[in-house]
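Notes to accompany the following structure.
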Amino acid sequence: MLTNIAISDVVLSGIVAVGIMQLAWFSVMLVRRGAPPNIIQQAIPPFLTLWVLMWPVYVDMRWLGVGLLVLLVVTVLSCLLKSPFWQHLRVAWESKNVGAEEYDDVRLSLLPQLHLLIAIFIAGAWFQAIPEFGFGLALCLCVAFPAAYWVDHFSQRYGFLILKFPAHPEQTLAGHLILIAACTVMLCWSLQVYHGTDWKLLFIGALVASSIASVSRALVPGQWNAPAAMLSMGVVMWLL
C-alpha cells in the first residue's frame, strides 16, 4: 500500500505532467497565431520555474524523473507524429526558428529543445546528488538565462554595450551583468533554503559560480551554452 508520502509524490508528478502538456498546447496555439518561435522558446524556462520551485517538496527525489521523462516524451512525439498539432509543436520548439508553413521543407534538428532538456537533466542530476546545488542551478536556468536574453534583446535594439563575442555577437554587457546578479541571488537563496545560512557568507562563492556561467554563456556556441553553464557552475560550487 502506498504511504501518504508516496501519494504526495505521485500527485505532484501528475500535476507536473499536466503542466507540461499545457505548456505544449500553449506553444502550439501561439505558433499558429504567428508568434515567433524564438519568443515561445524563451517563455519555456520561466514556465518550468513553477515545477522547479516544487523540487524541494519531493520526498523521494527519484520522482523528479517523471517530469523529465514527460518533457522528453513530448519532444520525441513532436518528431515522430505527423499530425498538425505535433508538427506545429516541433516548429514552436525548434531551435532553427523556421516558420509554421516551412516545417515540411527544411531539415530540422535531431530533437527540439535538446539543449534545454540536457541542461535540466544536468541540474536534476546535481539535485539528486546535492539538492541545494541542483535547486539553485535549475532556478538559474529558468530565471537568470531568460532574463539575460531579454536584456540583450532590448539592449541590442538600441546598440547598447554590445560585446560582439565571436560565438554570440548579440550578447551585451547589460545582459551578462543581469545574468551574474540573478544567478548569484538564486544560488544564495537555494543554499539558504536548505541550510539557513546567512546569504552574505555565501555571496563570494555564488558570485564566482555566476561569473563562470557568464563565461560559458559567452564562449560556448549556440544554445549549448546553457548545458555548459549548468555543468561548470555545479563543478565550481562543489569545489568551493
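Being under 22 Å from Leu116 (Cα atoms) and touching a Leu at 6+ places or on another chain (Cβ under 6 Å) holds for only one residue in Met230, Met237, and it is Met230.
Every residue, every condition in (1) touching a residue at least 60 places away in the same chain (Cβ under 8 Å); (2) closer than 18 Å to Leu77 by Cβ; (3) surrounded by fewer than 17 Cβ atoms within 10 Å (Cβ to Cβ); (4) touching a Pro at 6+ places or on another chain (Cβ under 9 Å), yes or no:
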site: Leu12; (1), (2), (3), (4): no, no, no, no
site: Phe26; (1), (2), (3), (4): no, yes, yes, no
site: Pro36; (1), (2), (3), (4): yes, no, yes, no
site: Ile40; (1), (2), (3), (4): no, yes, no, no
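Identify all residues within the stretch 48-96 that are under 13 Å from Ser27 (Cβ atoms) and in contact (Cβ under 8 Å) with a residue 60 or more places away in the chain; write none if there are none. Those that are under 13 Å from Ser27 (Cβ atoms) and in contact (Cβ under 8 Å) with a residue 60 or more places away in the chain: Leu48, His88, Leu89, Val91, Ala92, Trp93.
Residues in the stretch 153-198 that are among the β-branched types (Val, Ile, Thr) and either without any contact (Cβ under 8 Å) to a residue 40 or more places away in the chain or buried (at least 16 other Cβ atoms within 10 Å of the Cβ) (or both): Ile162, Thr172, Ile178, Ile180, Thr184, Val185, Thr197.
Here Ile122 passes the criteria (1) at pLDDT below 90; (2) closer than 16 Å to Gly234 by Cβ; (3) of a type in the set (Val, Ile, Thr) except the one numbered (1).
Summed over the stretch 199-225, residues that are outside any helix (DSSP H, G or I) and open to solvent by less than 60 Å² (accessible area, probe 1.4 Å) total 1.
Right, Thr184: of a type outside the set (Asp, Glu), part of a loop (DSSP other than H, G, I, E, B) and more than 21 Å from His115 (Cα to Cα) or not?
For Thr184, the condition - of a type outside the set (Asp, Glu), part of a loop (DSSP other than H, G, I, E, B) and more than 21 Å from His115 (Cα to Cα) - is not met.
Working only within the stretch 137-171, note down all residues that are of a type in the set (Ser, Thr, Tyr) and over 20 Å from the mean Cα position of the chain (by Cα). Correct list: Ser155, Tyr158.
Suppose the filter is under 27 Å from Gly222 (Cα atoms), over 15 Å from the mean Cα position of the chain (by Cα) and surrounded by fewer than 15 Cβ atoms within 10 Å (Cβ to Cβ); does Val76 pass it? For Val76, the condition - under 27 Å from Gly222 (Cα atoms), over 15 Å from the mean Cα position of the chain (by Cα) and surrounded by fewer than 15 Cβ atoms within 10 Å (Cβ to Cβ) - is met.
The values are calculated or read from the model by the stated rules, or taken from the named source; none is laboratory data. Since we're looking at a predicted model, the values are computed, not measured. Because the Cβ atoms are built from the backbone with ideal geometry, glycine has one as well, and the counts that use them run over all protein chains shown. Just so you know, the surface numbers come from the protein's heavy atoms only, side chains and all, with ligands and any DNA or RNA stripped out. Shrake-Rupley method; radii C 1.70, N 1.55, O 1.52, S 1.80 Å.
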